[in-house]
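K.L.:
Got a structure here, written out as structure tokens. Questions coming.
The values are calculated or read from the model by the stated rules, or taken from the named source; none is laboratory data. What you see is a predicted model; the values in this text were computed from it and never measured. FYI the Cβ positions are ideal-geometry reconstructions off the backbone, even for glycines, and counts take in every protein chain you see.
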Amino acid sequence: MTVVSWADVNREVLTELLPEALVVLPVGAVEQHGPHLATGTDTFMAATVAQRAAERAEKESSRPLVIAPVLPFGASDHHLPFGGTLSLTPETLLAVLVDLLRSVAADGGRRVVLVNGHGGNVGICHAASAAAAARHEIAVAHVDYWRMAGPGTSPGHAGEFETSLVGAVRPELMGSAEPRDHVPEAAAIDGVEVHDAGIWAAMDGFTDRPDRADRAAGEARLDQIVDALAERLVALAKTM
């Protein structure tokens, strides 16, 4: 099959492709990533992973893959106190995603995959997928790209995981981070997720040890993520 950029083709091409295509919509965020990473990290990582996975899935996909423009803004209110953040409220992001999915359905699309790049978007992507599927003739899947790194992987925020990936994709944006003697962590309770602004303040808005980031490790991890997402796209093209 083929990979097409939604924004690079005309309406006739999309009208022909969309009824049979799998649309891939990356969802990012513009938010602070500590003093060492660019604020667009989540956006360009979601876009990069989605594009590379679609290209890797192209030969095996039973459907055309249409890559929609990345949605650059996410639900990032918890990062506003640190500066450098452009955030939608959760309610607004939910409405935006449902509207975009409604638009795909109105354009003739029948299957969409949201490729999410930001932890604060997770629940909203899930809710938007369910709402759009219930309201319109469309099937929607939701993938958080970091989960493609394998079970037990903890991406943190602007820590070793993300900093290594940025080094693999945009090395010019991989800033140096000072080692930290103590890394505050939230108390872990199995099966429970706690949201507390005080935790973010205590860790200065970024987690673990970005000073341990390694570009080569990031390249290997990125390749693993892209491979895993490509496999999912091929599977979704068969089942959706």
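K.L.:
Quick check on my filter: what residues within the stretch 199-217 are part of a loop (DSSP other than H, G, I, E, B) and among the basic types (K, R)?
P.N.:
The answer is R209, and nothing else.
K.L.:
Give the stretch 86-97 a look and list any residue that's crowded, with 18+ Cβ neighbours inside 10 Å, more than 17 Å from L114 (Cα to Cα) and either among the hydrophobic types (A, V, I, L, M, F, W, C) or at pLDDT below 95 (or both), or say none.
P.N.:
Matches in the stretch 86-97: L88 only.
K.L.:
Find all pairs meeting these conditions: Cβ atoms under 7 angstrom apart; at least six residues apart or on different chains; first residue within the stretch 88-106 and on the phi < 0 side of the Ramachandran plot and in contact (Cβ under 8 Å) with a residue 24 or more places away in the chain; second residue in a helix (DSSP H, G or I) and polar (S, T, N, Q).
P.N.:
L93/N121
K.L.:
Just the residues that are of a type in the set (G, A, S) and either touching a residue at least 40 places away in the same chain (Cβ under 8 Å) or not in a helix (DSSP H, G or I) (or both), please, taken from the stretch 222-239.
P.N.:
Passing the criteria: A228, A230, A237.
K.L.:
When only residues in the stretch 59-85 that are part of a loop (DSSP other than H, G, I, E, B) and charged (D, E, K, R) count, which is surrounded by the most Cβ atoms within 10 Å (Cβ to Cβ)?
P.N.:
Here the residue is R63.
K.L.:
Within the stretch 155-198, how many residues are in a loop (DSSP other than H, G, I, E, B) and without any contact (Cβ under 8 Å) to a residue 24 or more places away in the chain?
P.N.:
14
K.L.:
Looking at the stretch 173-199, which of its residues are under 21 Å from the mean Cα position of the chain (by Cα) and under 20 Å from F161 (Cα atoms)?
P.N.:
Matches in the stretch 173-199: L173, M174.
K.L.:
What is the one condition in (1) outside any helix (DSSP H, G or I); (2) within 19 Å of L236 (Cβ to Cβ); (3) touching a helix residue (DSSP H, G or I) at 6+ places or on another chain (Cβ under 6 Å) that G109 does not satisfy?
P.N.:
(3)
K.L.:
Within the stretch 5-58, count every residue that is charged (D, E, K, R), exposed (fewer than 15 other Cβ atoms within 10 Å of the Cβ) and over 26 Å from A228 (Cα atoms).
P.N.:
Looking only at that region, the number is 4.
K.L.:
If you take the residues of the stretch 147-184 that are among the charged types (D, E, K, R) and more than 16 Å from I199 (Cβ to Cβ), which of them is surrounded by the most Cβ atoms within 10 Å (Cβ to Cβ)?
P.N.:
Out of the qualifying residues, it is E162.
K.L.:
Let me ask something else about it. Answer with yes or no whether T239 is touching a His at 6+ places or on another chain (Cβ under 8 Å) and either farther than 16 Å from M45 by Cβ or among the hydroxyl-bearing types (S, T, Y) (or both).
P.N.:
When the stated conditions are applied, T239 does not pass them.
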